[in-house]
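Presented below is the structure to which this report refers.
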Amino acid sequence: MSYQHITYEVEDGILVITLNRPDNMNAFTSIMRDELIDAYDRADEDDSVRAIIVTGAGRAFCAGADLGKGKETFDYDAQGVTAETKVHRDGGGQVTLRMFQCKKPIIGAINGAAVGIGATMTLPMDVRIASTQARIGFVFSRRGIVPEACSSWFLPRVVGISQALEWVYSGRVFPASEAKEGGLVKSLHEPEDLMVAARELARSFISETSAVSVALSRQMMWRMLGADHPMEAHKVDSRGIYHMGQSPDVKEGVTAFLEKRPARFTMKPSSDMPPYYPWWQEPEFE
């Protein structure tokens, strides 16, 4: 797929996805939705990609949904979309569900305004850092709509239920400093330092680590947020230790430690995931 509303650049094992509609503050469109899903599909199959950074072109990260259709922007019936086609599925949710399934760690480099879907698409990212000039808002109550992009699942898990509700109820746009205080972002950076910090963080994820171990760890940690008992984690942990314990990467990791040298891992997420992966069964969308 050739991209119109994003860019896709890989360097030194790091993929940078840039939301690329700067003249429209990178407002979210159906084209951007499809391109982001394709980019995550492509990244999962590309073993040269070890970590992903998502940022925005120009002065915004993403100013929310493109409101070019005016008052009919969220009215699927008015747009001729019927329930029978199931195309009425929330586009932001389709993106965040794909991000949730990703094998690669995802870092959000929030360079400017991140509002609506611009905020909620960051929630399945593993770490978010922000420019000191960024402003964030879960503005749904001020548009008469509801939280989307699966944010009613993600946001309370990221920042806690009370903070999530306060931001969603008020619908206000708040500064990056408040996002940091509330646990939404890890750190704040001057605009010119943001991508430097994001790349440094990405390198810490990929330097001397097993790509398969990272992929499994990402899925284990995210999916256990929905488990109803630690026994569910124990079941998955036990299978992971059993299968990975026999793997070339574990043999290399232990040998490298004993020989006091950097490990040279060879297993690939595209082809060498252990036989128990994926251990979950995705529910059919209703």
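The values are calculated or read from the model by the stated rules, or taken from the named source; none is laboratory data. Just so it is clear, the model here is predicted, and its values are computed rather than measured. Cβ placement follows ideal geometry from the backbone for every residue including glycine, while neighbour counts extend to all protein chains displayed.
Taken together, the residues in the range 146-163 that are farther than 19 Å from Val95 by Cα and touching a residue at least 24 places away in the same chain (Cβ under 8 Å) amount to 1.
Results for (1) at pLDDT 95 or above; (2) surrounded by 14 or more Cβ atoms within 10 Å (Cβ to Cβ); (3) in a helix (DSSP H, G or I), shown as yes or no for each residue.
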site	(1), (2), (3)
Ala149	yes, yes, no
Phe154	yes, yes, yes
Arg157	yes, no, yes
Phe174	yes, yes, no
Gly183	yes, no, no
Leu201	yes, yes, yes
Met224	yes, no, yes
His243	yes, yes, yes
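Just one residue in the set Ser207, Ser170 is of a type in the set (S, T, N, Q), more than 14 Å from Thr120 (Cβ to Cβ) and free of Cβ contacts under 8 Å to residues at least 24 places away in the same chain; that residue is Ser207. Of the residues making up the range 22-39, none is assigned to a loop (DSSP other than H, G, I, E, B), at pLDDT 95 or above, of a type in the set (S, T, N, Q) and closer than 30 Å to Thr209 by Cβ.
What are the residues in the range 235-274 that are polar (S, T, N, Q) and closer than 20 Å to Asp44 by Cβ, if any? If the condition is that a residue be polar (S, T, N, Q) and closer than 20 Å to Asp44 by Cβ, then Ser247, Thr266, Ser270, Ser271 are the ones that fit.
Criterion applied to Phe74, Phe61 was being modelled with pLDDT of 95 or more, in the same structural domain as Met32 (by TED's automatic domain parsing) and aromatic (Phe, Trp, Tyr), and the one residue passing it is Phe61. For Arg135, state whether it is farther than 19 Å from Ile53 by Cβ and assigned by TED's automatic domain parsing to the domain that holds Asn26. Answer is yes for this residue.
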